Amino acid sequence: MIDDSRGEAWYWTSGWQSDEAEADADIREDRTRVFDTMDDLFAEIDDVRKGRP
């Protein structure tokens, strides 16, 4: 039998749990976006990287 107990250890690190809590708050406070297409999502990412609102 293979011991895979470390396979998800990263998830329980304090940094990851902090990020999870932030994501949960964003969802709860409706600070999320839905994109119609992947192209729209990637265009948004490009805009953010270039400092455009």
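Work through the residues other than residue 40 whose Cβ is under 12 Å from its Cβ and net out their charges, Lys, Arg +1 and Asp, Glu -1.
Local net charge: -4.
For the pair residue 30 and residue 11, how long in nm is the line joining their label points, each one 7 Å along Cα→Cβ?
Spacing of the two 7 Å Cα→Cβ label points: 3.0 nm.
DSSP loop GluC sites (Glu not before Pro) in the chain with at most 14 other Cβ atoms within 10 Å of their Cβ, which ones?
Hits after loop and neighbour filter: 8, 29.
Counting other Cβ atoms within 10 Å of each Cβ, which chymotrypsin sites (Phe, Trp or Tyr not before Pro) in region 6-53 have at most 12 and sit in a DSSP loop?
35
Mind giving me the nanometre distance, one decimal, between the label points for residue 52 and residue 38, set 7 Å out from Cα along Cα→Cβ?
2.1 nm
Assigning unit charges at the beta carbon (Lys, Arg +1; Asp, Glu -1) and nothing else, what dipole magnitude in debye, to the nearest 20, does the chain show about its Cα centre?
240 debye
Quick one: angle between helix 38-49 and the longest Cα principal axis of the chain, in degrees between 0 and 90, rounded to 10, please.
The two axes meet at around 90 degrees.
For P(r) over Cα pairs in 10 Å bins from 0, in percent, the choices are (i) 19, 26, 34, 16, 5, 0; (ii) 24, 33, 30, 13; (iii) 26, 44, 22, 8, 0; which was calculated from the structure?
(i)
Along the charge dipole of the chain, pointing to its positive end and built from +1/-1 on Cβ of Lys, Arg, Asp and Glu, which listed residue (42, 12, 53) has its Cα farthest out?
Toward the positive end, the furthest listed residue is 53.
Quick one: net charge around residue 22, please, counting Lys, Arg +1 and Asp, Glu -1 for every other residue with C-beta under 12 Å from its C-beta.
After counting each charged neighbour, the total is -3.
Every read-out reported here was derived from the displayed coordinates using simple, explicitly stated rules and does not represent laboratory data. Source: prediction; values computed, not measured. Glycine also receives a Cβ, built like all others from the backbone with ideal geometry; neighbour counts cover every protein chain displayed.
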